[in-house]
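Beneath this line is the structure, given in structure tokens, with notes to follow.
Each value in this text was obtained by applying a stated rule to the coordinates, not by laboratory testing. Small disclaimer: the values here were computed from a predicted structure and weren't measured. Cβ: placed from backbone, ideal geometry, glycine included. Neighbour counts: every protein chain shown.
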Amino acid sequence: MATDLYAEIVSSIAAPLDGWLVESGAEPGLSLGPPTREGAGDLAAACHRYAKALRKPPQAIAAGLAEIARAHPLVAEVEAVAGFLNLRLDWARVAEKTIPWALGDDGALGRSSALAGQKVVIEYSSPNTNKPQHLGHCRNNILGHTMATLIEAAGAEVVRVNLINDRGIHICKSMVAWRRFGAGATPESTGMKGDHLVGAFYVRFDQAFNAEYEEVHAGATDRPSKDAWFNGDSPLGQEARAMLRAWEAGDEEVHALWRMMNGWCEAGFQATYARMGVRFDHIDRESVTWKLGRELVDEGLANGTFRRLDDGAVVFDLEKLGLEGQKVVLRGDGTTLYTTQDLGTAMQRLDRFGFDQLIYVVGNEQDRHFQVLFGILTHLRPALAGRLFHLSYGMVELPDGRMKSREGNVVDADDLMDELHAGALEVCRENLPDADPGSLEATAEAIGLGGLKFFLLRYAPATTFVFDKERSIRPEGETGVYCQYAYARAGRVLERLGDLDRGITPDWAALTEEKPRAVLTALLQFPGEVRMAAVEHKPSLVTKATFEAARTFAALYNDADYRLLDAEPARQLALALLVEAVRRVLGAGLALLGIQPVEAM
Ligand code: ARG
């Protein structure tokens with residue numbers, strides 16, 4: 001199992017200090033970490049909170065701890081200042097430990113046992129089969145897939161679930177439009193990707209409906225709302241609703257059409273996922289799960305979770321969650337709702353997988369839904385408390401404003417990947433005029449997709465941000481390409497060095513100056529960041545840690561003092577090993593983020 005060398009070093013220094021504190025009558029748990037103040041060394045601890053227990057001024061405690069810390073073989077200097085203990089590490093010794101660790105099998109690759117023995121079900125993507133995916137889905141797919149990778153790297157068993165919404169009135173709209181206006185069009189006959197074809201009919205329905213609405217209400221002063229019209233006298237609305245009823249009644253013709261169009265749409269999604277490198281272990285479909293949850297209504301009525309109103313509707317009193325009002329889980333007419341279905345689906349997952357964590361990656365417009373859902377679930381099954389998570393994420397905006405799907409101002413996922421590929425290809429052609437076209441295409445794809453993933457992951461999920469296509473594939477700044485570039489450069493450095501004499505002792509002192517020390521620090525901190533990303537559901541910590549490795553390496557690489565080719569052999573070996581180690585960690589970071597490394601660019 002992988003070791004976290006940094007954590008080991010820190011705790012080996014902290015342990016005897018804690019021992020002394022306990023002997024002197026204080027609680028253990030000294031927090032020794034990076035100092036908040038510049039110039040306070042490599043590790044620091046505040047001693048103020050022990051003053052009471054030890055009945056000594058903080059400065060005296062810091063001085064006492066300093067004496068003990070001084071004896072540690074990895075500590076070079078100690079200092080007690082104003083009640084703070086500051087330590088400087090012996091970086092030559094730290095380097096001597098860090099390099100073989102980073103290059104070894106249990107090294108800094110980001111695997112841990114933080115979630116070992118846990119089973120985690122994570123639901124993501126969950127698209128509707130009436131239109132192709134857009135930038136928002138990209139964020140969802142990539143967040144979910146990366147979280148799954150990180151949780152697996154932390155030792156958990158992961159089940160990746162996609163809940164495809166393949167039934168309902170919105171699906172029927174595309175079906176009606178195809179039947180009316182489609183003239184038998186198929187993906188083959190039109191050359192269109194299936195999800196795009198279905199999406200075109202969804203838009204076509206809307207156009208026809210709007211035209212119908214305008215025509216019927218031309219000149220009228222008292223118009224119904226479009227929703228009221230759709231659910232009332234609209235011929236198109238009636239046709240769509242009749243289609244839904246026929247579907248629910250199992251009408252064979254309607255089901256054949258539905259299967260055909262859903263098949264097209266899902267095949268299209270599959271192509272999008274494959275290109276993104278996103279996959280699932282299990283697919284749920286709402287056409288199968290939509291009736292789940294009904295039996296929970298009876299159970300909840302029996303145990304007092306729910307209450308029946310006079311009109312027969314069954315509700316959950318939101319007061320139980322500290323909210324106002326009621327949540328209907330069964331309508332008076334006996335039909336269920338989105339929440340009811342989600343209750344049933346969650347229970348089915350519990351029976352099927354027996355999860356320790358169930359994570360839903362869903363946009364923040366459903367925050368309230370999940371708050372209520374989790375509240376009801378834990379009333380029904382108290383053992384679920386603390387096991388349900390909504391990984392909520394914000395909207396991705398465009399430089400020219402919000403993404404409004406109704407106004408057609410959406411960035412289609414497939415088009416976006418094409419555009420990023422094209423942008424990257426242009427840059428690659430300039431930089432590598434002699435490369436063969438096939439490898440240029442492959443590099444461009446890696447850079448385009450890497451740029452997309454890195455950009456979408458580097459923001460904490462809760463944040464809303466502007467997606468800047470051009471910036472996402474730029475080799476400067478905090479981007480995927482920047483990290484891929486660092487990885488490629490490290491590879492080239494090592495290639496140019498050729499075979500090194502590894503029999504000599506590396507000059508570890510060459511790694512004690514600021515720039516190599518920064519690289520070592522990035523290597524040491526990488527596993528802890530990856531672990532925290534998995535445990536706290538924060539993939540942005542991995543983009544940061546990977547970028548930090550790339551940034552510190554670039555600073556070293558760009559400094560003439562660290563030119564390797566003509567360095568003296570023991571120094572050259574130490575620096576070369578550092579480059580090898582940082583390349584390995586960069587490769588691990590990119591792999592965790594689902595970003596292809598590139599060899600030349
Ligand atoms: N298909 C839904 C939508 O597009 C999201 C489903 C989220 N998952 C869930 N278990 N409720 O809004």
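Using helices alone, what [θ] at 222 nm do you get for the chain, with -39,500 (n - 2.57) per DSSP H run of 4 or more residues, divided over all residues and rounded to the nearest 500?
Using -39500 (n - 2.57) per qualifying helix, the result is -17500 deg cm²/dmol.
Which far-off residues, 5 or more places away or on another chain, put their amide H under 5 Å from the one on residue 134, with H placed in the peptide plane?
Correct list: 413.
Starting from 0.36 nm per residue, how many nanometres of slack lie between residue 591 and residue 22 once their C-alpha separation is accounted for?
200.5 nm
Counting other beta carbons within 10 Å of each residue's own, what order do 395, 417 fall into, fewest first?
Exposure proxy ranking, most exposed first: 395, 417.
Nearest 10 degrees, 0 to 90: what angle lies between the long axis of helix 540-557 and the longest principal axis of the chain (Cα atoms)?
For 540-557 against the chain, the angle is about 40 degrees.
Rounded to two decimals, what is Rg over Rh for the range 1-44 when you use alpha-carbon atoms and the Kirkwood radius?
Looking at the range 1-44, the ratio lands at 1.05.
Show the residues, 5+ positions off or on another chain, whose built amide H is closer than 5 Å to the amide H of residue 163.
124, 126, 284
Quote to one decimal, in nm, the extra length available between residue 566 and residue 495 on full extension: 0.36 nm per residue of separation minus the C-alpha distance between them.
24.1 nm
For the range 277-421, rounded, prolate or oblate, judged on the Cα gyration tensor with a ≥ b ≥ c (square roots of eigenvalues), a/c < 1.5 rounded, else prolate if a/b > b/c?
Note, shape of the range 277-421 comes out prolate.
Can you give the angle from 0 to 90° between the axis of helix 5-23 and the longest principal axis of the chain, with both taken from C-alpha atoms, to the nearest 10?
That helix lies at roughly 70 degrees to the long axis.
Which longest uninterrupted range of the chain lacks any GluC sites (Glu not before Pro) assigned by DSSP to a loop state (not H, G, I, E or B) and surrounded by at most 15 other Cβ atoms within 10 Å?
39-323
Give me the number: length gained by fully extending residue 308 to residue 509, i.e. 0.36 nm times residue separation minus the C-alpha to C-alpha distance, one decimal in nm.
64.8 nm
Hey, rough spin-label estimate for residue 3 and residue 252, points 7 angstrom out along Cα→Cβ, what's it come to in nanometres?
6.9 nm
Could you give each residue of the range 589-597 its phi-based ³J(HN,Hα) in whole Hz, using Karplus coefficients 6.51, -1.76, 1.60 with θ = phi - 60°, and x for Gly or Pro?
Each residue of the range 589-597 in turn: x, 4, 4, 5, 8, x, 9, 5, x Hz.
Angle between the Cα long axis of helix 135-153 and the longest principal axis of the chain, 0 to 90 degrees, nearest 10?
50 degrees
Distance between Cα centroids, the range 1-47 to the range 563-601: provide it in whole Å.
That distance is 30 Å.
If every alpha-carbon in the range 493-601 counts as one equal scatterer, what log10 I(q)/I(0) does Debye give at q = 0.13, 0.19 1/Å?
For the requested q values the scattering log ratios are -0.51, -0.97.
May I ask you to list the residues of the range 1-18 whose amide nitrogen lies under 15 Å from a point 7 Å from Cα along the Cα→beta-carbon direction of residue 49?
The answer is 18.
Skipping prolines and chain starts, which residues have an amide H placed within reach, meaning under 5 Å, of the one on residue 313, given they are 5 or more residues away or on another chain?
Placed amide hydrogens put 332 under 5 Å from residue 313.
Express the relative contact order of the chain as a whole percentage, based on alpha carbon pairs under 8 Å and six or more residues apart in sequence.
Reported as a whole number, the value is 15 percent.
Could you give the distance between the Cα centres of the range 232-291 and the range 497-538, to the whole Å?
Centre-to-centre distance over Cα atoms comes out at 51 Å.
Which of 396, 211, 325 sits closest to the plus end of the dipole of the chain, meaning its Cα is farthest towards the positive end, when Lys and Arg get +1 and Asp and Glu get -1 on the C-beta?
In the chain, that residue is 325.
How large is ³J(HN,Hα), in whole Hz, for each residue of the range 453-458 in order, when computed from phi with the Karplus curve 6.51 cos²θ - 1.76 cosθ + 1.60 and θ = phi - 60°, using x for Gly and Pro?
Rounded to whole hertz, the list is 4, 4, 5, 6, 8, 6.
Each label point is 7 Å from the Cα along the Cα-to-Cβ direction; what then is the distance between the points at residue 555 and residue 157, in nm?
4.4 nm
Taking only the alpha-carbon positions of the chain and ignoring solvent, what does the Debye formula give for the base-10 log of I(q)/I(0) at q = 0.06, 0.11, 0.12 Å⁻¹?
-0.43, -1.14, -1.25
Count the DSSP beta bridges whose two residues both fall in the chain, then state the antiparallel fraction as a percent rounded to the nearest 5.
Roughly 50 percent of the beta bridges in the chain run antiparallel, per DSSP.
Enumerate by residue number the trypsin sites (Lys or Arg not before Pro) in the range 166-196 meeting two conditions: DSSP loop (anything except H, G, I, E, B), and at most 11 other Cβ atoms within 10 Å of the site's Cβ.
Sites meeting the loop and neighbour criteria: none at all.
Within a 10 angstrom radius of the beta carbon, how do 192, 175, 601 rank from fewest other beta carbons to most?
Ordered from fewest to most neighbouring Cβ atoms within 10 Å, 192, 175, 601 come out as 192, 601, 175.
Return the lysines within reach of residue 173: Cα separation strictly under 25 angstrom, same-chain partners fewer than 8 residues apart disregarded; answer none if there are no such residues.
Here the lysines satisfying the reach criterion relative to residue 173 are 131, 193, 226, 291, 404.
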